[in-house]
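Asker: Quick one: the structure is below, and I'll ask about it shortly.
The values are calculated or read from the model by the stated rules, or taken from the named source; none is laboratory data. Quick caveat: nothing in here was measured; it's all calculated off a predicted structure. Neighbour counts are summed over all protein chains in view; Cβ atoms, including those assigned to glycine, are modelled from backbone coordinates with ideal geometry. Note: accessible area is taken over every heavy atom of the protein model, side chains too, but ligands, DNA and RNA are not part of it. Shrake-Rupley method; radii C 1.70, N 1.55, O 1.52, S 1.80 Å.
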Amino acid sequence: APPPQPELAPELAARIDAVIRRGEAAWDDLHDASNARFHDLVLSDHRAAVPWLVHLHAPGARLVELGSGVGLMTILADLLGYEAVGIEIEPDLVEVSRDLAAGAGSQATFVEGSFVPPEARDEVHLLDADTLTVTEGADAWSELGLDMDDFDVVSTYPWPDQEAWLVDLVRRHAAPHATLLTYSGRNGYRIRRLG
């Protein structure tokens, strides 16, 4: 069951609502301008993410979003007190993310590159030939100067046929104390304790 809706300060609630609305509009604009290049991508339910982010938060917590899209989850996490990082391989999405963060007064960090650690990239043979998860590209972890196990919460919205692979990847590379927060269009948000 999802956590209860948190009582947020009115100013914070307004900032969260505004950035979600701006992010959804930016996504629509990007989708239209790209001739549906991102037609397979679907935004998760960011309003439903807020109770989960509040529930999982602890002082000093760090969150990384794998495949951060337009960056809304990462920005929300930052606004809710996390040190938040989004990793995204598509340059256009990273640019939108950074613009949204700046407009929201968010300190969220966005890095362009692959979230798949270099030592795991040879696992691409485990994925379908028409996989939508890009395993090649710049090493985002190296650019960050951090590893997946430096984060307390790992958030991702996996492609439906790749969820098992991605959960296994995170289990092997995240810290034992970390929590994996996933979203699916069918089942909503789910948490997995990795230890």
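Asker: Report the charge-dipole magnitude of the stretch 1-110 in Debye, nearest 20, computed about the Cα centre from +1 at each Lys and Arg Cβ and -1 at each Asp and Glu Cβ. Provide the component values of the computation, followed by the final result.
Answerer: Values: 7 positive and 17 negative charges, 61 e Å.
So the magnitude is around 300 debye.
Asker: Where a ≥ b ≥ c are the square roots of the eigenvalues of the C-alpha gyration tensor, would you call the stretch 2-123 rounded, which needs a/c under 1.5, or, failing that, prolate if a/b is larger than b/c, or oblate?
Answerer: Oblate, since a/c reaches 1.5 and b/c is not below a/b.
Asker: Using the charge dipole of the chain (Lys, Arg: +1 at Cβ; Asp, Glu: -1 at Cβ; taken about the Cα centre), state which of Gly105, Ala1, Gly23 has its Cα farthest towards the positive end.
Answerer: Ala1
Asker: Can you tell me how much longer the chain between Glu24 and Asp150 gets when fully stretched, taken as 0.36 nm per residue apart minus their C-alpha distance, in nm with one decimal?
Answerer: Difference between extended and current length: 42.4 nm.
Asker: Here's another thing I want to ask about it. Would you work out the charge dipole size for the chain about its Cα centre, treating the Cβ of every Lys and Arg as +1 and the Cβ of every Asp and Glu as -1, and quote it to the nearest 20 debye?
Answerer: Charge dipole of the chain: 800 debye, to the nearest 20.
Asker: Could you state the number of Å between the C-alpha centres of the stretch 1-17 and the stretch 132-195?
Answerer: If you average the Cα positions of each part, the centres end up 25 Å apart.
Asker: Sticking with this one: Figure the gain on full extension for Ala175 and Glu11 (residue separation times 0.36 nm, minus the Cα-Cα span) and round it to one decimal in nm. Please report the intermediate quantities before stating the final value.
Answerer: Values: separation 164, 0.36 × 164 = 59.04 nm, distance 3.37 nm.
Here the segment from Ala175 to Glu11 would lengthen by 55.7 nm.
Asker: What does the accessible area per residue of the stretch 47-86 come to in Å², with a 1.4 Å probe and no ligands, DNA or RNA counted?
Answerer: Per-residue accessible area for the stretch 47-86 comes out at 27 Å².
Asker: Relative to the present Cα-Cα distance, how much length would full extension add between Ala58 and Ala33 at 0.36 nm per residue of separation?
Answerer: My answer for the length gained is 5.1 nm.
Asker: Could you tell me the calculated FRET efficiency between Arg121 and Glu163, based on Cβ-Cβ distance and R0 = 22 angstrom, to the nearest 0.05? Write down the numbers at each step before the final one.
Answerer: Details: r = 19 Å, r/R0 = 0.86.
So the FRET efficiency works out to roughly 0.70.
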